[in-house]
1. How large is the charge dipole for the chain, taken about the Cα centre, if only the Cβ atoms of Lys, Arg (+1) and Asp, Glu (-1) carry charge, to the nearest 20 debye?
2. Can you spot the aspartates and glutamates whose alpha carbon is less than 14 Å from Lys102's alpha carbon? Ignore those fewer than 8 places along the same chain.
3. Mind ordering 113-124, 38-49 by average Cβ neighbours within 10 Å, highest first?
4. At 7 Å along the Cα-to-beta-carbon direction for both Leu141 and Val52, put a label point, then send me their distance in nm to one decimal.
5. Which shape class applies to region 55-107: rounded if a/c is under 1.5, otherwise prolate when a/b exceeds b/c and oblate if not, where a ≥ b ≥ c are the square roots of the Cα gyration tensor eigenvalues?
6. Rounded to the nearest 0.05, what FRET efficiency do Glu176 and Ala153 give with R0 = 45 Å and r taken as the Cβ-Cβ distance? Could you check?
7. What are the ³J(HN,Hα) values, in whole Hz, obtained from phi via the Karplus relation 6.51 cos²θ - 1.76 cosθ + 1.60 with θ = phi - 60°, for each residue of region 78-90 in sequence order, with x given for Gly and Pro?
8. So who's got an amide H within less than 5 Å of the one on Glu49, skipping anything under 5 residues away but keeping other chains? H placed 1.01 Å off N, in plane.
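None of the figures in this text is laboratory data; all of them are computed from the coordinates on show. Since this is a predicted model, take the numbers as computed values, not measurements. Quick reminder, even Gly has a Cβ in these numbers, built from the backbone with ideal geometry, and neighbours come from all protein chains shown.
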Amino acid sequence: MTRAEKQTIVEELYQKFSETNHFYITDPQGLNVERVNNFRRMCFNKGIEYKVYKNTLIKKALEKLDTDYSSFDDTVLKGFSGILFSGESSNIPAKIIKEFRKSAKSEELLPLLKGASIDTDLFIGEEYLDTLSKLKSKAELIGEVISLLQSPAKNVVSALQSGPQTLAGLVKTLSEREG
């Protein structure tokens with residue numbers, strides 16, 4: 001690979017990292033070609049881009065960003081590295097990894113999660129996979145907040161709307177008792 005080709009890849013990676021709020025770095029080592037292709041297909045079907053890059057190129061692209069990714073240097077950017085890019089939802093790549101592992105007939109936990117960046121928050125290590133898979137997306141959180149805000153208003157409106165029927169029923173019951 002020529003220096004110009006490497007520069008082009010670094011620039012493309014820099015653009016992806018700049019435009020993408022969430023990315024996961026995995027270790028696909030040990031997956032055969034068929035399983036890698038199945039994993040790529042699963043990612044593509046869920047709207048996630050997955051590519052394998054050289055660690056030095058990833059490191060150079062990350063160095064150009066404002067966020068400090070130096071903690072990735074010693075642990076995450078070693079061995080083989082595949083990157084899952086997710087623009088909208090932070091938990092879909094983690095769910096894909098978990099789903100892919102369940103579909104495997106063997107007990108191997110591949111691909112391994114080496115690290116992730118969720119809105120510039122860094123998660124390093126396989127132990128964060130469950131946590132990342134349970135994260136709620138921005139749309140889900142906004143929906144929950146709106147639901148919580150609407151709940152008291154709905155209760156008041158419901159009480160006001162049922163008020164005449166309740167009052168009429170109460171008056172009717174009281175009048176029947178007296179008679």
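1. Working: 25 positive and 25 negative charges, 107 e Å.
About 520 debye.
2. Excluding near neighbours in sequence, the set is Asp130.
3. The densest-packed peptide leads the list: 113-124, 38-49.
4. 3.4 nm
5. In terms of gyration-tensor shape, oblate.
6. Details: r = 35 Å, r/R0 = 0.78.
The calculated FRET efficiency here is 0.80.
7. 10, x, 7, 9, x, 10, 9, 9, 10, x, 9, 9, 7
8. Phe85
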